[in-house]
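> Pasting in a structure now, in C-alpha cells, and then I'll have a few things to ask.
Please treat every number below as a calculation from the coordinates, not as lab data. As the structure is a computational prediction, the values presented were derived from the model and not from experiment. Backbone-built Cβ (ideal geometry, glycine too); neighbour counts: all protein chains shown.
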Amino acid sequence: MATTSCPECGADITSDDSTVQGEILPCPECGVELEVTALDPLTVAPAPEEEEDWGE
Amino acid sequence: MATTSCPECGADITSDDSTVQGEILPCPECGVELEVTALDPLTVAPAPEEEEDWGE
Amino acid sequence: MLIVKAGGAAGVDLDTVCADLADLAEAGEPWILVHGGSHETNVVAKKLGHPPKFVTSVSGYTSRYTDRTTLEIFEMVYCGKTNKGIVERLQKRGVQALGLSGIDGRLLEGKRKGALRVREGGKTKIIRDDLSGKIDRVNTDLLNLLTGAGYYPVICPPGIAEDGTAINTDGDRAAARIAAALGAATLVILSDVPGLLAKFPDESSLIPRIALADVDDAAERYAEGRMKIKLLGAAEAVRDGVGKVVLADSRIENPVRAALDGGGTTIEA
Amino acid sequence: MLIVKAGGAAGVDLDTVCADLADLAEAGEPWILVHGGSHETNVVAKKLGHPPKFVTSVSGYTSRYTDRTTLEIFEMVYCGKTNKGIVERLQKRGVQALGLSGIDGRLLEGKRKGALRVREGGKTKIIRDDLSGKIDRVNTDLLNLLTGAGYYPVICPPGIAEDGTAINTDGDRAAARIAAALGAATLVILSDVPGLLAKFPDESSLIPRIALADVDDAAERYAEGRMKIKLLGAAEAVRDGVGKVVLADSRIENPVRAALDGGGTTIEA
C-alpha cells in the first residue's frame, strides 16, 4: 500500500499489491485518469489521450 | 558389406559399415577416385574434379 | 500500377502467388508486392524463448506487443527468411525482383504510438515501449526509381519513425498507404479467406462488392479482428484515391488474376 | 568510391562503424557498406536446434556447411536482424541508408559449387547440397542507380546463382568483387584484429604494408583461416583494379577514418 496525491485536485491516490506499472487509476475525487508511472515511490501523472491505432 | 564393380576397370569395389554416402573410395586396381553415390545398393561413379573454393 | 498484399497467415501459398505474379510480369503488367509473415514470426519467437505477446487496445483491436527483442525476431522472419524467400522464388521465374523493408531508404515512414491503452488482466494499462506505429508517408521516389529501371519491389514491414527507429506496422495498411501514394488503380489483398463473408465461415456467403460508403457498416456487422483491419485499410485506400481494393483468396490457382477478374470482395467508391 | 566491409565477428562494434560512416557521408564521401553476421548466425542456429556445421575442404579451408535450413537461418540473421539493424543505426544518424542482399536485383550473382571435397571423420567425402558459391558478377547498374539517387547501400550475402537459387558466399570476397566491379579507389575490410600480424596474436607485430606480389607468400607465412581468405580476397581485388585494400581494426574509435589515414595493413599494387 502506498499513497501519493492527485496532481489535479490533491486528493489521496492509493495503490495496493495488485497495482502494476502503467496502470490507469481514476482519481476518487475529481475523476481524472492517472497513469502509474512508478510504483516505488508511487508516482502518477495524467494519462495520455487514447491514440486509436492498431499494430500488426 | 556390399560390392559393386569399378566403372573404369571392372574390379570389385567393396563397402563396409563405416562407408558413408559421398565418400571417396579409390579403386584398388586402377586407382581411379570413385564417389559413393548410393549405399543400398552400393553405387559408385567417378569423383568430380576438385573446384577450389571457400564458402562464408 | 497494381499493388498486391500477400498475407502472413499459414494458409497463404507463396509459390502460387509468385507464379501468378511472374506471369503478370511477363505479360507486361508491372506490380509491387507487399508481404507479411506473422504466422512464421510466432513459430520462431517461441523457439527462441520469447513467445509472442498480443495486446488488445481498449477499442478491442489486438496487435502484437513489439518490444525490442520481438522487433528483431520480426525483422529476422519478415525481412530475412520470408522477403528473400519470395525474391528467390520470383528470380527463379525470371522476374527481376528486389526486396526492401520500410526502413530501407525510409520507404515507409510513420509515427510511433507514444502510448497505447490496453486491457490486460482485468486492468486498463498504458504501455509505452511498444515499437509499433502507423505509416503516413511513402517514399514514392524510391519506388518509381526502381520500377522505372525494371525492378519489381517486394516490400515488408517494419516501417521507420521520424527519429530513425524501426516500428512494427500493419502490412495491410502499409499496402494501402503504398497504393494510395502511387495512385494505384488496384490493390489486391490476399489472405486465407475468400473475402468478406456475411456468415463466417460459410464461404458461400461471400459478399462480392461493397461501396465505400457502406464499408464501416459492413465492418461492424460482418467482420472481426484481422478482417476488420483489412476492411478499414481498404476503405482508407479508396478514400485516398486507389481505384479499387479487392479482398481475395490466396489459396486458389492464379489468385491475383482471379481477383483482377472479379473474384473476392471488391471495395470501390 | 569507398567500399567498407564490417565483419560478422563478435568483436565488431557496429555503432562505432556506423558513427564513422555517418561522419564520412556528411563530409560528402560516398561509400557502400558490406557486412557479415557469422557470429550471431551461430548463436541463433543453436537456439533453433540446427547448430552450425563447418566443413573443411581438402586444401584446408573451413566454411559453413549451408544446407537449406542453415541458409534460411543465415538469411534471418544477415538480411533480417543485422542488415536492418545497421540501416536503422545509419538512418538515426541522418544517412539515407538502404539494405540489400545479393539476391535482390541479382546484385551478387555467382556459381554454386557443384561438389565440395571435404575431410570429415577421417574420410574424404563429396558433399553436393552445400548451397555455397563464388560471386563472379556484380549488378553495378543497380548500385550506380541507388548511389546516384543519394542512397547509401548496405549489402550482405547471400548471393544468387544463375538459376535464381540463393547461395551462401564469403562476405570479404563479395566486398572485393563489388570494389573491383566499381573500380573503387579503396576497400577497407574491418575485423576484430588490427591487420596482418607477423606473430599472431602479438598486436605490435602488425605488418603495415604488403605489395601485391608478396601477398601469397605473406598469406602462407603469417595467416590462417579467415585471415588467409581476407588476404587472398584483397589480392584478387587489387589485381582486378581496386586502388588499395586495407585490413584494419574495427574495435577502435573512427575505425574507417583510421584505416584511410594509414592504419592496419595496406595491400596495393
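> Going by amide H atoms built from the backbone, whose H comes under 5 Å of the H on C:Tyr151, apart from near neighbours?
none
> At D:Lys123, with labels set 7 Å past Cα in the Cβ direction, how many nm apart are the copies from this one, shortest first?
Those label-point separations list as 6.1 nm.
> With the dipole of chain C worked out from charges on the C-beta (+1 for Lys and Arg, -1 for Asp and Glu) around the Cα centre, which of C:Leu212, C:Leu197, C:His50 lies farthest toward the positive end?
After comparing all options, I get C:His50.
> Compute the relative contact order of chain C as a whole-number percentage, counting only Cα pairs closer than 8 Å that sit 6 or more residues apart in sequence.
So the answer I get is 23 percent.
> Please report the antiparallel percentage of DSSP beta bridges with both residues in segment C:2-268, rounded to the nearest 5.
Of the beta bridges lying entirely in segment C:2-268, close to 45 percent run antiparallel.
> Can I ask one more? Distance between Cα centroids, segment C:243-269 to segment C:37-65: provide it in whole Å.
28
> Measuring from centroid to centroid over Cα atoms, what is the spacing of segment C:99-172 and segment A:2-17 in Å?
Going from one Cα centre to the other spans 38 Å.
> Between C:Thr69 and D:Glu162, what is the spin-label point distance in nm, taking each point 7 Å from the Cα along the Cα→C-beta axis?
Distance between the two pseudo-spin positions: 4.7 nm.
> About its Cα centre, how strong a charge dipole does the protein assembly as shown have in debye, to the nearest 20, once Lys and Arg get +1 and Asp and Glu get -1 at the Cβ?
Value, rounded to 20: 320 debye.
> Can I ask one more? Tabulate in residue order the Karplus-calculated ³J(HN,Hα) for segment C:101-109, using 6.51 cos²θ - 1.76 cosθ + 1.60 with θ = phi - 60°, rounded to whole Hz; enter x for Gly and Pro.
So the Karplus estimates, Gly and Pro as x, are 9, x, 6, 5, x, 6, 5, 10, 9 Hz.
> Ok, one more. Tell me, for the protein assembly as shown, which Cys residues have no other cysteine's C-beta sitting closer than 4.7 Å.
Unpaired cysteines in the protein assembly as shown: C:Cys18, C:Cys79, C:Cys156, D:Cys18, D:Cys79, D:Cys156.
> Quick one: with label points 7 Å out along Cα→Cβ, list the inter-copy distances for D:Gly241 in nm, shortest first?
4.3
> Lys/Arg Cβ at +1, Asp/Glu Cβ at -1, dipole of chain C taken about the Cα centre: which of C:Leu21, C:Ala235, C:Val77 is farthest positive-ward?
Working it through, the farthest residue towards the positive pole turns out to be C:Val77.
> Using only DSSP helix segments of four residues or longer, with each worth -39500 (n - 2.57), what per-residue ellipticity at 222 nm results for chain D after dividing by its residue count and rounding to 500?
-10000 deg cm²/dmol, from helical runs alone.
> If you take all C-alpha pairs in the protein assembly as shown, what percent of them are over 50 Å apart?
Pairs farther apart than 50 Å: 22 percent.
> Normalised by the residues of segment B:2-46, what does the relative contact order come to in percent, with Cα pairs under 8 Å and at least six apart?
For segment B:2-46, the relative contact order is 35 percent.
> Moving on. Packing-wise, with mean Cβ within 10 Å as the measure, how do C:230-236, D:204-210 rank, highest first?
C:230-236, D:204-210
> Given a cut-off of 13 Å, what percent of all Cα-Cα pairs of segment B:2-46 lie beyond it?
So the pairs more than 13 Å apart make up 42 percent of the total in segment B:2-46.
> Here's something else I'd like to know. What size of dipole, in debye to the nearest 20, comes out for segment D:2-268 about its Cα centre when the only charges are +1 on Lys and Arg C-beta atoms and -1 on Asp and Glu C-beta atoms?
The calculation lands at about 920 debye.
> Could you go through segment D:193-202 in sequence order and give the Karplus-derived ³J(HN,Hα) for each residue, using 6.51 cos²θ - 1.76 cosθ + 1.60 with θ = phi - 60°, rounded to whole Hz, and x for Gly and Pro?
With the stated coefficients, segment D:193-202 comes to 9, x, x, 7, 9, 5, 10, 4, x, 6 Hz.
> Right, something else. Pick out, from C:Leu116, C:Ile103, C:Ile127, the residue whose Cα sits farthest towards the positive end of the charge dipole of the protein assembly as shown, with +1 on the Cβ of Lys and Arg and -1 on the Cβ of Asp and Glu.
Of the candidates, C:Ile103 comes out farthest on the positive side.
> Find out how many positive minus negative residues lie around C:Leu146, taking Lys and Arg as positive, Asp and Glu as negative, among other residues whose Cβ is under 15 Å from that of C:Leu146.
Once all neighbours under 15 Å are counted, the net charge is -2.
> Also, I was wondering about something else. Would you kindly state how much longer the chain becomes between D:Val43 and D:Asp214 on full extension, computed as 0.36 nm times their sequence separation minus their alpha carbon distance, in nm to one decimal?
So the chain would gain 57.9 nm between D:Val43 and D:Asp214.
> Rounded to the nearest 20 Debye, what is the dipole magnitude of segment B:2-46 about its Cα centre when Lys and Arg each give +1 and Asp and Glu each give -1 at the C-beta?
80
> Put a label point 7 Å from Cα along the Cβ direction on C:Asp217, then list its distances to the equivalent points in the other copies in nm, shortest first.
8.8
> Calculate the FRET efficiency for B:Ala11 and D:Asp129 from the Cβ-Cβ distance with a Förster distance of 25 Å, rounded to the nearest 0.05.
0.25
> Give, in nm to one decimal, the length gained when the segment between D:Arg221 and D:Glu26 is fully stretched (0.36 nm per residue of separation minus the Cα-Cα distance).
66.1 nm
> Which single residue of chain D puts its beta carbon nearest to the axis of rotation relating D to C, and what distance, in whole Å, does that give?
Residue nearest the D-to-C axis, with distance in whole Å: D:Gly80, 1.
> Taking R0 as 60 Å, what's the FRET efficiency between D:Phe200 and C:Glu203 from their Cβ-Cβ distance, rounded to 0.05?
E(calc), rounded to 0.05, equals 0.35.
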